[in-house]
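This report refers to the structure that appears directly beneath it.
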Amino acid sequence: MSSHRWWSWADRDQVARVDMYTRQSLYALLWSFFVIFAIQAFNEVPAGDRDLAVAVLVAGTVVTYAGHRVLSDVIALYPATRPVPWRSLGPFLGLEAVGFLASLGLPREVRGLAVLVLWSALAWSLVGLRGRRTTIAVLVGLAGAPALAAREPWFLVGGLGIALFFMFTVRASLWMLGVVRELDRARATRSALAVAEERLRFSRDVHDVMGRRLSAIGLQAELAATLARRGDPTAADRMLEVRETAHETLREARELARGYGRTDLGQELDGARSLLRSAGIAVSLSVDSLPQAWHEPAGWVVREAVTNVLRHSDATTVTIAYDDGTLWVTNDRPRPGGDASGTGLSGLAARLAGVGATLEIDADETSFAVVVRLSSVEVPA
């Protein structure tokens, strides 16, 4: 529920303003017709029955207020098809039934006043209810109840005609309000999806970038420790490489947090070459013919595939090649019994699918290849 005061306007958003306008318009029509019917019928009441007519108007005001509450619930629920809460509908229908029954014993002119007042509240409050059976029941009730209570056959046709007009007015207003609410919900859903997509992007990039960098730090630190145990003076240089890699990792982490983590294929290839060679793995590159428009998805592939090599293989040689719309990263020693595909490649496949590329795994006992079909990715002219 809105926390706005009912008369406020400037501090509401556009959806709240449409809601307020629709509500106040329908409320105004409900009470306006009550006043119009009451004045018209009251003027026809003989002077001797005016006190009784005033009592009818007081009772009619109570019934109309109960109808106001029902109308408020109908507006609040739209466009949902849930039933109106019985806490408002039950008392209102009870008051209407008692009112119509009581009107049967009133003088003719006073009875006409009572029927008009009761019928007006009944019509404005119920014509917004949805559902085929409910609509038919409402129209039958609005046509039949006043005709029986007033004992005037013309009420049957007149009541039905006016009820249809009321129904068109109320439902057209509620339809407009429902469209605005649905659009607002769609906008909120779109915003939530954008947030979820950004979180997924960040999580994916953290996995891709940090996974590779941390693997590099681990390998470099292990190499430095081995050299230090042997008394090799180059151990200090290797630790400087660890520090440099850590600084680079921190820089990339900051870029990811700021949303600047656009993948650069050249940097990914340089990083892959350096990382693999530091692990004692020979690298063969053949990607010169790769179109510029495909560099970013190709960078994703290189990053994840190299991380996968370090974690799930004992490779001595890695080949990164492109030809005729297909990029593949192959290593010569997959680890026996290991899950070389991993969740990282599954995430990469989903990410590539978003740009029209497909990922396949070609593995046997002597090689493991990540094969990516880029030919379906649209290349700007």
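Values quoted throughout were computed directly from the atomic coordinates according to the rules given, and no laboratory measurement underlies them. On a predicted model such as this, the values are computed, not experimentally measured, just so you know. All Cβ positions, glycine included, derive from the backbone under ideal geometry; neighbour counts span all protein chains shown.
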(request) Compute the FRET efficiency between residue 62 and residue 179 as 1/(1 + (r/R0)^6), taking r as their Cβ-Cβ distance and R0 = 51 Å, and round to the nearest 0.05. (result) 0.90
(message) What distance in nm lies between label points placed 7 Å from Cα along the C-beta direction at residue 206 and residue 172?
(response) 5.4
(request) Counting helices only, and only those DSSP H runs with n ≥ 4, report the 222 nm mean residue ellipticity of the chain as the sum of -39,500 (n - 2.57) divided by its residues, in deg cm²/dmol to the nearest 500. (result) -23000 deg cm²/dmol
(message) Could you work out how much longer the chain between residue 363 and residue 193 gets when fully extended? Use 0.36 nm per residue separation minus the Cα distance between them, nm to one decimal.
(response) 57.6 nm
(request) Please give the helix 86-103 orientation as an angle from the longest Cα principal axis of the chain, in degrees from 0 to 90, rounded to the nearest 10. (result) 10
(request) Calculate how steeply helix 108-126 sits against the longest principal axis of the alpha-carbon atoms of the chain, using the helix alpha-carbon long axis, and give the answer as 0 to 90 degrees to the nearest 10. (result) 0
(message) Using the basic label-point model (7 angstrom from Cα toward the beta carbon), what is the residue 76 to residue 49 distance in nanometres?
(response) 3.9
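Subtracting the Cα-Cα distance from 0.36 nm times the residue separation, let me have the gained length for residue 186 to residue 21 in nm, one decimal.
Values: separation 165, 0.36 × 165 = 59.40 nm, distance 2.14 nm.
Answer, rounded to one decimal: 57.3 nm.
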(message) Tell me the Rg and the Dmax, in Å, that the Cα atoms of the chain produce.
(response) 38.0, 121
(request) Taking 7 Å along the Cα-to-C-beta vector as the label spot, tell me the residue 160-residue 278 distance in nanometres, rounded to one decimal. (result) 8.7
(request) Using a Gaussian network model of the chain whose springs link C-alpha atoms within less than 10 Å, name the residue from 58, 138, 74 with the highest mean-square fluctuation. (result) 58
